1. To the nearest 10 square angstrom, how much accessible area does His178 have with a 1.4 angstrom probe?
2. Along the Cα→Cβ direction, 7 angstrom out, place labels at Asp289 and Glu181. What is the inter-label distance in nm?
3. 5 Å is the cut-off here: which amide hydrogens, built 1.01 Å from N in the peptide plane, fall below it relative to Arg462, excluding neighbours closer than 5 in sequence?
4. Given a 1.4 Å probe and the protein chains all in place, what does the accessible area of Thr262 round to, in Å² to the nearest 10?
5. At a probe size of 1.4 Å, how large is the accessible area of Phe86, to the nearest 10 Å²?
6. Run the quick spin-label model on Lys390 and Val509: label points 7 Å from Cα toward the beta carbon, then report their separation in nm to one decimal.
7. Which distance in nm do the two modelled labels at Asp368 and Asp302 give, with both placed 7 Å along the Cα-to-Cβ direction?
8. Given a Förster distance of 56 Å, report the FRET efficiency between Asn721 and Asp258 from their Cβ-Cβ distance, rounded to the nearest 0.05.
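The values are calculated or read from the model by the stated rules, or taken from the named source; none is laboratory data. Every value quoted in this text rests on a predicted model; they were computed, and no experiment measured them. Don't worry about glycine lacking a Cβ; one is built from the backbone with ideal geometry, like all the others, and counts go over all protein chains shown. For accessibility, only protein heavy atoms count, side chains too; no ligands or nucleic acids. Shrake-Rupley method; radii C 1.70, N 1.55, O 1.52, S 1.80 Å.
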Amino acid sequence: MSEEDLRIKIANILLNNGFKVKCEVPVGPRHADMVVSANGKKVVVEFKKDTKESTTLSAFTQLAGYCSFLGVRYGIIVNPRELFVFDFYKHGPFYEKLVSRGDTEKIANVLNVILSDRELSIAFNEKLNYLVDIARNIIYSVKGSREDAFRAFLQIFFYEAVRHVYGLPKFSFANPKHSIELIKNIDFAGIYAVIPDDSVFQYFKQLFDNIDENLFVSSDAVGYIYSRILSQEDKKALGQFYTPLDVVEFMITLAWDDFTNTVLDPACGSGTFLSKAYDKLREYGLRHDEILKRLWGIDISDFAVMLSELTLALKQPHEKTNRLLIINTDTIEYLMPRIVGEKKTVSLTSEKIKNRMTLIDTVERFPDYFDLVIMNPPYIRHELLPQKYKRILKRLHFPKNIDLFAYFLIIGIAYSRKMCAIVPDTLLWTFSNKVIRDYLLKHGLKYVIVSKRGIFPDAKVRSVIILCEKGYQKDVYFAEVENFELATKIKDRAKRYSRKFLARVNKWVFPDIEFDDTKTVQLSELITDIKMGTTTSLRRFFVNPSLSQEARERYCIKALVNPRGKTIEEMIGYVLQLSVGLSNFESVNIPRELKQYIRQYRKELEKTAVSRKFMKSLTHEWFYPDIVVNRLNSVPLFRPANKLPIINRFIGITPKKNVDSRLLIALLNSSFVMYQLEIYSPKYANGVLNLTVKDLKDLLVPNPEAFSEREKQVLRENMFNIDTIDKIVCEKLKINRNELIKKLESARKSRICYSKK
């Protein structure tokens, strides 16, 4: 069957099945053989005479160009015996041989799957994996700079990807600079701005001599290769982690609107965000060079700049790509000074920047404003940052202990109408990032999307996507997402929190249940004091409130923290009078068993008794709270402290004068509060909760004023009756108690499992 006969037969089948079919569709100076559409989706189909022609690199490159130009996800190459399907949204090239012997009905069925709402499962090109694995071994064995080896590999890779478009010979390993001059005379000067020594190219000769030419190269392949080749140590040192394409697609879709015209990625890496922004701008019908004028990138690594240039050049390899607004510089030093008022504009006149950008015409000034700043900023802790960064930040009155990603958020807000970034989830809950959370609220925070899965396994951190829109001051949308490909209509699935509420809470981590937040307050608003029990060298010393000041000054007082047969809870407040020789202990009003304990262990106690001089030097203010909670307990339980001093294993709480302590104890013992403690408190080594003062201050507590006098009385009388407490609290907060209990039990089981690991 000839190519023309195959095309006619398939077109007739498709038309009879309700598909729209267009042949010889203009794509720049060329024509795509066929574009099939249905349900708002399109597929580009190219027909070839035989299998050999179908599997050449030029055929794959041609199809990639057509799909990119038309903004189409899937492309197909068909010959009389085989069919290849390509998915350009995945991590690099994908294809699978799905049809044999010219079965046109099967071809129509494949198109039906692609153009329907079903997902077509497409296998990854194993040959690309093979190439990457071999290249990685070579790069890490090269003597000298790994960066030069990686650069040489990608320069060869890019040359082989586009040489068919321009009729160039295979890459010359005998004379690498000759091949590079050939392609630089055509285009892509920026990609070859830094050329390694000839000897570095020789390491890859055998690899490229033996690789099949049907290895397909797409713009997304560069980022995929980058992520696979770099070692975990190198990624960590650079703070760079490849953003999966489904996450990039989600962020672009979330942030994009009809007014998006210019885009900046201030930490562009391999150019993945710029690549997807390119696809969006292509939908406007813009030419290749017009799109490149609207895409800006910055990266401190000249190697990363090259990766971004490769990515954008591969979008349209047959068109000019020398206008690349990708800047090789330190983003913080380059853009921060204008934000803090040290510069009015940002210059582009330095020779380093101008030469690296390889502009067709002169651009003297960096833009003051972009429609969208989108990024995955570096994840580097503040301890590792240079002092020059912290000096710049001081001008904005931010604390020094914020990590590098926060600097990029400040830049993104300053230079954009919209800013979308993926950052560590520590943004939501650490104390050091509170000032950044307030800054985001002030500057139009609109979405907070928390990832349920680990997006960057090597980074060992959960991630959160945030979107700020200049001028936006309504409620903020919070949502959790696991499958980003299915994360559509996120606004409808998100919970809404008022800006006022977010401003007054110290953490942005909330129970995964629906509740009426207007009837909750933070515990910190209901109390005057909250402290840990006596710690450090004072942990052994306690003064009984019944002892006179004279007795305190006269005697050395030491508490027996754990006499035999007594728990710490039972010993709170008991004191022993340990004068020299323990001569007066018989006259102290203490339980009989303690006197027996002293008689039995008198010699040991004499050895450990402290001097009067040391005791007199203590200025510690003893803390007698109204409420006490065991901070290391499998089930934290709030209870009255009975005005006894507390030791380091407990936390004491003193409510405000207008807050009834018994009522507050009941509210704190509710399953609503317990669930928060289970979810957000740190765990001790054996799995029990390890509460801190800050954990408790941040708790959301049912507002005592939201309850009627009758309800308050019932709560006071049932401080430890969880069923009664929950019935009243859940009804007031509009919570489904059955759902709450299930979540609480699940959280506790998870903690038990954790303790067994």
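1. 100 Å²
2. Result for the modelled spin labels: 2.6 nm.
3. Those qualifying (amide H under 5 Å, at least 5 residues apart or on another chain) are Asp425.
4. Roll a 1.4 Å probe over it and Thr262 shows about 40 Å².
5. For Phe86, solvent-accessible area is about 0 Å².
6. 2.6 nm
7. It works out to 3.2 nm between the two label points.
8. After rounding, the FRET efficiency stands at 0.45.
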